[in-house]
Ligand code: FES
Ligand SMILES: [Fe+2]
């Protein structure tokens, strides 16, 4: 597994909140990649993110007061706008020569797309001319919104979390349910993978017929699964010609011990559809099962074991490390990242 300095992929967008979590006038502290950040939403509804320290003497800005326009630090009352620029230092005499606007709390770029609030984690100090990449493409028109289903904190670093997300072999042993599948129904799976701009894609295929869950979806179903660094898995299910379901899992490293998992669903099926109940139940059950195994993994890792990635069931994990290496190299060389994976066919029994 990567050392701590190579653990995080910088200069990328990460999921911070879904829209309902961050209400107008809110000020919420959150750790991402070990950096303490305060998120807020102003009176106009725009989200923002600042380093969670007052530039004066470091008290968390999240402990201050926010009126939807300015944040007032709770120690000496300095006031900042939502871009972090200081607007007022109450203790300064009116004739002070000090230009308060020169003082700034560092800010992070923050964007909201499809009802998800993203934050950009820069590799180094950003200037106002830094060109930002597009927010991660979740294969959904910008005017559509996800329904949030689940959020959990996995007790492991981002690498273990990603590998757990794309690892096919644990399904047989961790995700058994009477309504989904049982261990006895294992079969040889042969899947074709192709590279995508930021990762790799399991080409569109009919879902395995040993999954009872998919049988709920009648009318010609096919699924495509796309993995993108830093840790996004998009499953796009097409039902007949008219309907689609998109299930997105994103991973946000909180620190080197914890990773937040968010699962979002979008569907053209109506909210009242009978279909939502089993979908939610499935999502919740799966995540609960993953959380259970991650607790055990955390215990195991305390003993610092040597680990291995073996054969085709672990090929996607190796691809993930390869993508990470390429991303970090491109950043160091200041060149454009280009994915050199070639994909191919993988076989495993699950
Ligand atoms: S520490 Fe914030 S105003 Fe002094
Ligand atoms: Fe899992």
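The values are calculated or read from the model by the stated rules, or taken from the named source; none is laboratory data. Model, not experiment: these values are computed from the prediction. Ideal geometry is used to build each Cβ from the backbone, glycine not excepted, and the neighbour counts take in all protein chains shown.
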Right, residue 317: within 21 Å of residue 147 (Cβ to Cβ) and either at pLDDT below 90 or touching a helix residue (DSSP H, G or I) at 6+ places or on another chain (Cβ under 8 Å) (or both) or not?
no
Residue list for region 69-99, restricted to those being closer than 22 Å to residue 126 by Cβ and within 14 Å of ligand 1 (Cβ to nearest atom)
71, 80, 84, 86, 87
Of 292, 300, the only residue that is assigned to a helix (DSSP H, G or I), out of contact with any strand residue (DSSP E or B) (no Cβ under 7 Å at 6 or more places or on another chain) and free of Cβ contacts under 8 Å to residues at least 60 places away in the same chain is 300
Sole miss for residue 177 among (1) at pLDDT below 95; (2) closer than 26 Å to residue 320 by Cα is condition (2)
Could you tell me which of the residues 19, 31 is modelled with pLDDT under 95 and away from ligand 2 (no atom under 16 Å from the Cβ)?
19
Out of the residues in region 47-69 meeting the condition of being surrounded by fewer than 17 Cβ atoms within 10 Å (Cβ to Cβ) and not in a loop (DSSP other than H, G, I, E, B), tell me which one is nearest to ligand 2 (Cβ to nearest atom).
63
Filter result for residue 256 (surrounded by 12 or more Cβ atoms within 10 Å (Cβ to Cβ) and part of a loop (DSSP other than H, G, I, E, B))
yes
